[in-house]
1. Could you report the range 94-194's accessible area per residue, 1.4 Å probe, as an integer in Å²?
2. Assuming a ≥ b ≥ c are the square roots of the Cα gyration tensor eigenvalues, decide whether the range 226-293 counts as rounded (a/c under 1.5), prolate (otherwise, with a/b larger than b/c) or oblate.
3. Quick check: from the Cα gyration tensor, does the chain come out rounded (a/c under 1.5), prolate or oblate?
4. Tell me, what is the percent relative contact order of the range 47-152, built from C-alpha pairs under 8 Å that lie six or more residues apart?
5. Hey, can you find the accessible area per residue of the range 250-385 for me, probe 1.4 Å, expressed in square angstrom?
6. Which of the residue pairs K310/K356; K138/K235; K111/K185 have a Cα-Cα distance greater than 20 Å in the structure shown?
7. Over the chain, what relative contact order in percent results from Cα pairs under 8 Å that are six or more residues apart?
8. Quickly work out the Q341-to-E107 label distance, labels modelled 7 Å from Cα along the C-beta direction, and quote it in nm with one decimal.
Amino acid sequence: MIGMFVRANLKPALTLWYNNVVMISKSTIFTRPWNGIIDCYRTYLPVSNKTPVVTLNEGNTPLVYAPHITKLCNMPGLAVYLKVEGANPTGSFKDRGMTVAVSKAVEMKSKAIICASTGNTSASAAAYAARARANGFKMDCFVLVPKGYVALGKLSQAMIYGAKVIQVKGNFDEALKLVKEIVEKYPVTLVNSVNPFRIEGQKTAAFEVCEQLGRVPDVLAIPVGNAGNITAYWKGFCEYTRDTRPKMIGFEASGAAPIVQNKIIEKPETVATAIRIGNPASWKQAVNAAGESSGFIDCVTDDEIIEAYKLLHQKEGIACEPASAASVAGLLKSAKLKKIQPESTVVCVLTGNGLKDPDTAIKSSEQEKLEVAPDLKEITKLLGF
Ligand code: F0G
């Protein structure tokens with residue numbers, strides 16, 4: 001409650017609220033254990049004491065300063081931070097939305113959930129369905145994914161968490177259309193981000209960013225696929241404070257950029273399979289977020305994505321999947337074009353964990369796989385000693 005009091009009554013710059021710790025004075029620190037986003041942000045979420053909370057203690061992810069990317073932007077006073085959402089229980093930001101969507105599904109006595117997915121939503125849905133079962137509820141999980149375009153880590157997650165995985169010989173947009181038809185006719189709850197409870201949960205990432213930074217950022221850079229997450233962050237910032245709001249800058253992949261091109265892309269293509277989407281469900285809301293915040297939506301090429309992906313790993317020591325690197329690629333592009341103001345505090349959202357897509361990591365690493373006999377001389381020679 002103290003946290004809520006502080007958050008509601010002080011300007012963000014004065015909020016002495018860090019993660020789940022409220023610092024009243026230097027000598028008085030109140031703490032409580034982290035029990036997930038519903039527990040922490042309950043009064044901001046559509047839950048009551050009758051909602052059976054299904055949680056994996058998601059949220060509370062690190063916000064890490066990025067010295068190398070800050071330098072690359074080459075702008076006086078600019079500072080870049082990374083919101084590492086890959087640190088969530090299933091390795092992506094989807095968990096924030098899924099804890100609310102699945103808790104509400106259980107509250108409404110639903111016995112099954114379904115989603116279309118480029119991978120992360122399916123992994124998250126499968127995990128929270130398993131957790132609902134652990135809590136004693138019947139909860140099946142069905143996922144439709146585009147065959148051949150889901151990163152290995154994500155597919156394996158959905159399978160081992162026990163979802164029924166159906167690979168569709170088509171793309172994400174076709175799969176989403178099908179699940180929307182299914183929920184019209186059958187007793188199963190849709191947990192894609194068109195489910196408003198997903199957006200409610202995901203908006204908590206904006207609260208955390210403000211608390212961790214001790215202020216509202218000037219710019220939030222974020223990848224855009226189905227456009228739910230940019231919608232959620234904007235909602236979160238709008239609820240957090242009335243005075244200051246960040247410019248929302250969203251980035252599609254250039255081979256899958258319906259919003260930038262202002263037309264549906266029938267055959268989207270990109271190395272960033274998570275955002276290989278040609279007809280985003282929250283298209284209008286994303287345009288709205290960019291417009292209302294005086295931000296913009298742009299796109300980045302696969303080469304720019306992979307370059308940012310490599311430098312995040314190699315120059316910052318921070319792992320993410322290719323789609324996540326679109327936020328950093330977009331920031332670097334925008335800084336070069338002077339579309340970012342000097343002195344800005346920028347947060348780039350890294351939406352998914354690096355381990356999700358080992359194939360792209362190995363392909364992009366440019367490291368030779370060295371093999372030798374267990375011989376000291378040979379090895380030290382290879383090491384350059
Ligand atoms: N980054 C990652 C790692 C994602 O998995 C997604 C979306 C996005 C960014 C884009 O977020 O759709 O809210 O604009 N993945 C969805 C999925 C589509 O099925 O896992 P968005």
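1. 42
2. Taking the square roots of the gyration eigenvalues as a ≥ b ≥ c, the range 226-293 is prolate.
3. It is rounded, given that a/c, with a ≥ b ≥ c, falls under 1.5.
4. That works out to 27 percent.
5. Per residue, the range 250-385 has 52 Å² of solvent-accessible surface.
6. With Cα atoms farther than 20 Å apart: K138/K235.
7. Rounded, it is 18 percent for the chain.
8. 3.9
The values are calculated or read from the model by the stated rules, or taken from the named source; none is laboratory data. Here the structure is a predicted model, which means the values were calculated and not measured. Methodologically, a virtual Cβ is constructed for each residue, glycine included, from the backbone with ideal geometry; neighbour enumeration extends over all protein chains shown. SASA here: full protein model, heavy atoms, side chains in, ligands and nucleic acids out. Shrake-Rupley method; radii C 1.70, N 1.55, O 1.52, S 1.80 Å.
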